[in-house]
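These notes are about the structure you will find just below.
No value in this document is a laboratory result; all are computed from the given coordinates. Quick caveat, the model's predicted, so the values are computed rather than measured. Neighbour counts are summed over all protein chains in view; Cβ atoms, including those assigned to glycine, are modelled from backbone coordinates with ideal geometry.
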Amino acid sequence: MLAAEALGFRYPKAASAALDSVSLGVSAGEVLGLLGPNGAGKSTLIALLAGVIVPSTGRVQRDATLSGAGRVAWVPQDFAFYPMLTARENLAVFAGVLGLHGAACAARIERAIAYGQLAAFVDRGARTLSGGMKRRLNLALALLGDPAVLLLDEPTAGVDPQSRAFLLDTVRALRDEGRAVIYTSHYMEEIEAVADRVAILDHGRVLAEGTLDAVCAMAGTHARIAVGGPLPAPLAQDWQKHFTLAAIGPQTWSLQLGAPEDLAGVLEALRRHNVPLRSAQCGRATLEDVFLQLTQRALRDDA
């Protein structure tokens, strides 16, 4: 339905490219989860796919069915509506921009209200709505054009757990209707919950792309070790020589093992160094394990 073909983009006066030869796509009835730290290029990629900015190199390929107004809908991180208007007035304004009128316009508005479960507060001022309600209004506005492709850029940022669950359920429902969805997030559990395929982006490049199982298999066997004190420097240095090592929490470590049998040696090393063991888990890598291995750091806070 929508594809990036060797996309490159550099902002004016930037020292490096925001995107460097990025190729990926999404099909009808599929959710592509896009992960990456801040500054990885996710929002730039979404803006290019939406047609808001023009690539420096490469091109965006659209299916012929996406030529009508609103057929590709972008839900940005920021709230994209007029705060001085009510939710209903915002829907009417955006419907007019799409060229909707008459009975068809009224039907689209009511359908968007139902999708966002906005009926209880649709006549309230948009600026008075809670964060979760504003996110739902953002999504409802995008659905006015009956889009075949939805570009969702951090759609659950700053919402309560109930609103997050509602938005994730809505993404699944849109996918089940045959729509294509590209979903960017910092929350790996959200990507695992809704995505059919995953892409990890950093420094403007795609580091991994495929089904969740395929991406997780890239990192092999992982162990998660929680200890009751600091790791002695000699032990940490030895682990770094033999394993891919990453800190994932207070006194908690992720190690990429060559084989599950390597765990016995890890536990024996802790015993020799008198480091108390609190817990140990070994199995297939998680999406977080793969992310940390590929990006070599934890998720960054917003700049």
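Observations on the structure shown:
- The amide H of Gly125, built 1.01 Å from its N in the peptide plane, has no neighbour under 5 Å, considering only residues 5 or more places off or on other chains.
- For Thr86, neighbours were defined as the other residues whose beta-carbon sits under 11 Å from its Cβ, and their charges (Lys and Arg +1, Asp and Glu -1) total +1.
- Debye intensity ratio in log₁₀ form over the Cα atoms of the stretch 220-284, taken at each q of 0.23 Å⁻¹: -0.97
- Kirkwood radius, the stretch 1-74, all distinct C-alpha pairs, inverse of mean reciprocal distance: 13.0 Å.
- Spin-label model distance (nm) - Thr128 vs Ser56, 7 Å beyond Cα toward Cβ: 4.7
- For the stretch 109-171, the Kirkwood hydrodynamic radius comes to 11.9 Å, computed from all pairs of different C-alpha atoms.
- Considering only Ala233, Gln293, Gln117, and ranking their Cα positions along the charge dipole of the chain that arises from unit charges at the beta-carbon of Lys, Arg, Asp and Glu, the one farthest toward the positive end is Gln117.
- Here's the list of lysines a cross-link from Lys42 could span, going by alpha-carbon distance under 30 Å and ignoring same-chain residues fewer than 8 apart: Lys13, Lys134.
- Sorted by Cβ neighbour density within 10 Å, fewest at the top, the residues Met84, Met133: Met84, Met133
- Compactness of the stretch 83-230 - radius of gyration and Dmax, Cα, Å: 18.9, 69
- Remark: His186, His222 ranked as His186, His222, counting other beta-carbon atoms within 10 Å and listing the fewest first.
- Axis angle, to the nearest 10 degrees, between helix 262-272 and the longest C-alpha principal axis of the chain: 60 degrees.
- Our Cα-only numbers for the stretch 1-133 put the radius of gyration and Dmax at 17.6, 52 Å.
- Rounded to the nearest 500, the helix-only mean residue ellipticity at 222 nm of the chain stands at -10500 deg cm²/dmol, with each DSSP H run of n ≥ 4 adding -39,500 (n - 2.57).
- Hz values of 3J(HN,Hα) by residue in the stretch 59-67 - Karplus curve (6.51, -1.76, 1.60), Gly and Pro given as x: 8, 9, 9, 10, 4, 4, 6, 9, 7
- Relative contact order of the chain: 21 percent, from C-alpha pairs under 8 Å at least 6 residues apart in sequence.
- Measuring max minus min along each principal axis, the C-alpha atoms of the chain give extents of 77, 43, 37 Å (largest first).
- Applied to the stretch 22-33, the Karplus parametrisation 6.51 cos²θ - 1.76 cosθ + 1.60 on θ = phi - 60° returns per-residue 3J(HN,Hα) values of 8, 10, 6, x, 9, 9, 4, x, 9, 10, 9, x Hz, with x for Gly and Pro.
- For the stretch 174-271, the C-alpha radius of gyration divided by 2.2 N^0.38 Å, with N the number of residues, is 1.38.
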